[in-house]
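First comes the structure, then the notes that go with it.
The values are calculated or read from the model by the stated rules, or taken from the named source; none is laboratory data. Just so you know, these numbers come straight off a predicted model, no measurement behind them. Ideal geometry is used to build each Cβ from the backbone, glycine not excepted, and the neighbour counts take in all protein chains shown.
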Amino acid sequence: MESPVEKLTLVLVDDHAVVRSALKVLLESEPDLEVVAEAGTADDAIRYVGGHKPDVLVLDLNMPGRPSLEAIPDIQAASPETKIVILTMRNEPAFARQALRAGVTGYVLKEAADTELVLAVRRAAAGDTYLQPSLYQHLADKDRAEGRTGRTLSDREVEVMRLIALGHTNAEIADQLFLSVRTVESHRASIQKKLDLGSRAELVRYALDQGLISA
């Protein structure tokens, strides 16, 4: 007899019932994902997250009433272990930066939910930051145009750090930069040693503060 699949629990928050319904179908089509509650406001999100302690909260950025970003500290207080993935129509880099600084783990545009949301949820549950690749490219292009670089990192380390901060695995970074996985691992170790940073969360905060993935 096969053992049951251990599921990641989710709370889904969007002020449009039709959108919630479609997202629930999308998420629960995966055997390891389960939506345990739905809500339509940020205040309800706090209550349901506190009651269910889900692995991941999928949160719409723009809803009537209390702003979602303003509610994040209360959401985190209600369930510190719950990871937050923002799902929004707002594709301005400034909003992504603000959300990451507020403590969210993922940022996905609604237009790409069918291809990006499940991946973002799984990455978030694993503790990895996920920013939709198309939005990352926008940030990276703007950074290059403005000549932004880290003060203590080589150009290659800056590129590697951007990708690390945005949740890419070593293998994905190797593919994008045409490097070997071992070389990426070496760059990563060098970055962490130079900056005295241990976790991905610390790398994300540094990258934001230094303008490496800023608006």
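Based on what the data block shows, is Asp209 at pLDDT below 85 and more than 18 Å from the chain's Cα centre (by Cα)? Walk me through it before giving the result.
Details: at pLDDT below 85: yes; more than 18 Å from the chain's Cα centre (by Cα): no.
In short, no.
Residue check: His168 meets all listed conditions (1) at pLDDT below 80; (2) part of a loop (DSSP other than H, G, I, E, B) but one, namely (1).
Of Val108, Val58, all but one fail to be modelled with pLDDT of 95 or more and either under 20 Å from the mean Cα position of the chain (by Cα) or not in a helix (DSSP H, G or I) (or both); the exception is Val58.
Checking the condition among the hydrophobic types (A, V, I, L, M, F, W, C), more than 25 Å from Leu208 (Cα to Cα), assigned to a helix (DSSP H, G or I) and touching a Ser or Thr at 6+ places or on another chain (Cβ under 9 Å), which residue from Val49, Val118, Val25, Val36 passes? Break it down into steps so the answer makes sense when it comes.
On the way: Val118 fails: more than 25 Å from Leu208 (Cα to Cα); Val25 fails: touching a Ser or Thr at 6+ places or on another chain (Cβ under 9 Å); Val36 fails: assigned to a helix (DSSP H, G or I).
One residue alone meets the criteria, Val49.
Annotation note: of Leu153, Leu139, the sole residue that is outside the structural domain of Pro73 (by TED's automatic domain parsing), buried (at least 21 other Cβ atoms within 10 Å of the Cβ) and at pLDDT below 80 is Leu139.
The set of residues in the range 85-108 that are more than 13 Å from Asn62 (Cβ to Cβ), of a type in the set (Gly, Ala, Ser) and either touching a Leu at 6+ places or on another chain (Cβ under 6 Å) or surrounded by 19 or more Cβ atoms within 10 Å (Cβ to Cβ) (or both) comprises Ala96, Ala102, Gly106.
Quick grid of which residues meet (1) closer than 15 Å to Ala113 by Cβ; (2) surrounded by fewer than 18 Cβ atoms within 10 Å (Cβ to Cβ):
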position: Val19; (1), (2): yes, yes
position: Ala22; (1), (2): yes, yes
position: Val25; (1), (2): yes, yes
position: Glu30; (1), (2): yes, yes
position: Met63; (1), (2): no, no
position: Gln76; (1), (2): no, no
position: Pro80; (1), (2): no, yes
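Out of everything in the range 120-136 that is at pLDDT 75 or above and exposed (fewer than 15 other Cβ atoms within 10 Å of the Cβ), what residue ends up being farthest from Ala102 (Cα to Cα)? The extreme case among them is Ala126.
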